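What follows is a short report on a single structure.
The values are calculated or read from the model by the stated rules, or taken from the named source; none is laboratory data. Computed from a predicted structure; not experimentally measured. Here Cβ is always computed from backbone atoms with ideal geometry, including for glycine, and neighbour counts include all displayed protein chains. Surface accessibility is based on the protein's heavy atoms, side chains included, excluding ligands, DNA and RNA. Shrake-Rupley method; radii C 1.70, N 1.55, O 1.52, S 1.80 Å.
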Amino acid sequence: MSNLFKYNPKETLPDYGKITAKSPSNIALVKYWGKKNIQIPTNPSISFTLQNSYTKTSLEFKKSSDFKVNLFVEGTEKPSFLPKIEQFLNRIKTYCPFIYEYELTINTENTFPHSSGIASSASGLSALSMCIVQLEKHLTNFNEILKLKKASFLSRLGSGSASRSIYGPMAIWGKNKEVNNSSDHYAIAYREIHSIFRDYQDTILLVDEGTKQVSSSVGHNLMNNHPYANNRFSQANDHLKKIIDVLKNGDLDEFISITELEALTLHAMMMSSNPYFILMKEGTLSIINKIWEFRNESKIPVSFTLDAGANVHVLYPSSYKQKVLNFIKSELVVYCENQNYICDVVGKGAKVLKEKYA
Ligand code: PMV
């Protein structure tokens, strides 16, 4: 592994440059919950890559004898976010030593509100990784495939789920028997999907815009001594196998039953860990019940999934967009903080937007 991603420069370092990249958030259908050091998942996961919820990051680098990072979020300097970035840069140092030759200025902005409860770590760390590998591509003879693979590998070292944001329309992360070339070290693109999933809708209902009451790192670690951990890990493997068939054949009943069971199992793991915690709010449960009622009555294949938080991702085929949005506006927005929700759809993954060197 370390050889594949070893830094092997062919060019001298530029004195100055600036690279801008964007990378989306993603929503897991089969969830990653539990990890070994460092960021090795205890089970494989698969996600829809989103399109509208993304981070745009520019990385400016100036040759310097003193390594330094300046961090701006939405135009304002944010030294409080530096420890997380510095930990990330430290973890990737062996694979990208060249970044330590510079003073770095990172400018980052999200298309979704910072306090929305949508994790910005997946999109943020993958956008920064894309900028770093683009610089490496400039210095080596990287091809595009290896560039994306390394971007996913670096992203994983920052935040596990970030590894999946590099690729669209779907990505799989975690070694498993079903998918050739799957790896614990980076995600791979998953494209063998029925046309119904290519523009699947995800309307994110922002039930709680506050910061997370339990960090995902703490949550993952609680799986280490969890009494149900092994059963959960084998269930996730089984769900991955099943959902791969569903993604090919477009069986929406089966899609709904796997994804909703995954979401509730994720939260059941949190509720049965020691210490235990509940991240769902009253609004989360009301929304789930309303979705079930609406699906029963209308026969529209709308379902939900959850992240490690109270927000609800409402999933449905694009052909039902208007009907489901009407339902959301009339029945569900009352449970959202400030009536806020985000309309998203399956997207293409991370992209470099601009680069210049001097
Ligand atoms: O990438 P992390 O460490 O923030 O963990 C994310 C875990 C979940 O969002 C709950 C599930 C997933 O697979 O994205």
- Message: When you scan the range 229-251, do you find a residue that is under 18 Å from VAL314 (Cα atoms), open to solvent by 10 Å² or more (accessible area, probe 1.4 Å) and free of Cβ contacts under 8 Å to residues at least 60 places away in the same chain, even just one?
- Response: yes
- Message: Considering only residues that are touching a Lys or Arg at 6+ places or on another chain (Cβ under 8 Å), open to solvent by less than 10 Å² (accessible area, probe 1.4 Å) and within 14 Å of the ligand (Cβ to nearest atom), which ones fall in the range 165-186?
- Response: MET170, ALA171, ILE172, TRP173
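Out of GLU60, GLU11, which single residue is open to solvent by 60 Å² or more (accessible area, probe 1.4 Å), within 18 Å of GLN134 (Cβ to Cβ) and either out of contact with any Pro (no Cβ under 7 Å at 6 or more places or on another chain) or not in a loop (DSSP other than H, G, I, E, B) (or both)? Quick ask: steps written out before the conclusion?
Details: GLU60 fails: open to solvent by 60 Å² or more (accessible area, probe 1.4 Å).
Result: GLU11 is the single residue among GLU60, GLU11 that is open to solvent by 60 Å² or more (accessible area, probe 1.4 Å), within 18 Å of GLN134 (Cβ to Cβ) and either out of contact with any Pro (no Cβ under 7 Å at 6 or more places or on another chain) or not in a loop (DSSP other than H, G, I, E, B) (or both).
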- Query: For the range 7-38, which residues satisfy the criterion of being more than 20 Å from TYR357 (Cβ to Cβ) and modelled with pLDDT under 95?
  - Reply: ASN37, ILE38
- Item | Subset of the range 85-95 (residues that are over 16 Å from SER163 (Cβ atoms) and either in a loop (DSSP other than H, G, I, E, B) or of a type in the set (Lys, Arg) (or both)) | LYS93, THR94
- Message: If TYR32 meets every condition in (1) over 15 Å from the mean Cα position of the chain (by Cα); (2) within 16 Å of the ligand (Cβ to nearest atom); (3) in contact (Cβ under 8 Å) with a residue 60 or more places away in the chain apart from one, which number is that one?
- Response: (1)
- Query: Which ones in the range 252-274 are open to solvent by 70 Å² or more (accessible area, probe 1.4 Å) and within 16 Å of the ligand (Cβ to nearest atom)?
  - Reply: LEU261, MET271
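Conditions (1) within 11 Å of the chain's Cα centre (by Cα); (2) open to solvent by less than 20 Å² (accessible area, probe 1.4 Å), marked per residue:
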| site | (1), (2) |
| --- | --- |
| HIS114 | no, no |
| LEU135 | no, yes |
| PHE142 | no, no |
| SER163 | yes, yes |
